[in-house]
């Protein structure tokens, strides 16, 4: 019995997912339509007012990129953006049989709230549900049978869905529309990867084929086309040039399928994003500092300031509490782990400044205003 349990636990912990009671309730999204505004701003004449970052009021974080002439003269490769890991998991709307929020939820707020809080880089994972709806999620392919006593479990694509793609696009569009009317120069970076189509591949390792990628681009263009950045050299172009006609959104896709204008293949951008795969804060911190030190000058580097559940932590979440207690496993959720990394943000800007090495993205779980304020502090130091 215990041997079978240990075998089962090992597999599920590799998912970072948890065994569920019945399926989580499915989220219902109303379809809405948002018109594009006509901007009253004379973009040729617009000059953002100089502003010391350290004096930015928290209520003005929604336009922090628009608030400095110095910043607007730099490129994305020369600044730090605050980012959200697995940004679509602000809610848990539907789960597989072996997953729940404790091991899949990485955020607590909507895209609208994150945007208003100043978050500008979003790790987005589009998935097509078994009902053929385009969603965002946190899944992993397992593809194995696991014996637990007399019962055998079939693990396929395991994880949870979060917000719908439509919900995210509506939030982004509202924010950009509002910024256009206000004369803002914000840039949003949507990094899309980990594609899965459960409508076509229910019991096989899932992916997006050419038709799925085409559908994804179509849905994005329907809402964000006027704001898409077409330039391929957007990482090295000054912000003021990218935003010469208003706020913009950059969309990258981790795919080899053909892409239309306004979409960029991730493999052409040289993004360095390697998480530390540890629940220990000091180990994660040392690992990430080493990776940033080695990658910052050569790549568009992401500081993955996130902690990952260990096997016993994940397994403790998988098992019923009584069984987990007997087996010696104690649940520790992603959210509880994130508290240590959140506390570590307090000294991060000082520590990066000490080694004179800075990431292009500061990327966290359960992202809030603090991440934006830290990124602003890092940029202030980069600017001297």
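Rule-based calculations on the coordinates, nothing more; no lab input. These figures come from a predicted structure and were not determined experimentally. Using ideal geometry, Cβ is built from the backbone for each residue, glycine included, and neighbour counts are taken over all protein chains shown.
Tell me, how many Å apart are the Cα centres for the stretch 218-235 and for the stretch 328-348?
So the separation of the two Cα centres works out to 35 Å.
Arranged from highest to lowest average of other beta-carbon atoms within 10 Å per residue, in what order do the peptides 277-286, 366-375, 61-70 appear?
Working: 277-286: 16.3, 366-375: 22.5, 61-70: 20.3.
Final packing ranking: 366-375, 61-70, 277-286.
Average projected area of the Cα convex hull of the stretch 109-228, in nm²?
Working: hull surface 34.8 nm².
Spelled out: convex hull of the Cα atoms, projected over all directions, averaged, 8.7 nm².
Hey, quick one: spin label on residue 199, modelled 7 Å out along Cα-Cβ, who in the stretch 158-174 has an amide N within reach, i.e. under 13 Å?
Hits in the stretch 158-174 for residue 199 at 13 Å: 165-166.
Between residue 225 and residue 277, how many nm apart are label points set 7 Å from Cα along the C-beta direction?
Each label point lies 7 Å from its Cα, and together they span 4.3 nm.
Taking only the Cα atoms of the stretch 213-341, how large is their convex hull per residue, in Å³? Provide the component values of the computation, followed by the final result.
Details: hull volume 22.0 nm³, N = 129.
Taking only Cα atoms, the stretch 213-341 has a hull volume of 171 Å³ per residue.
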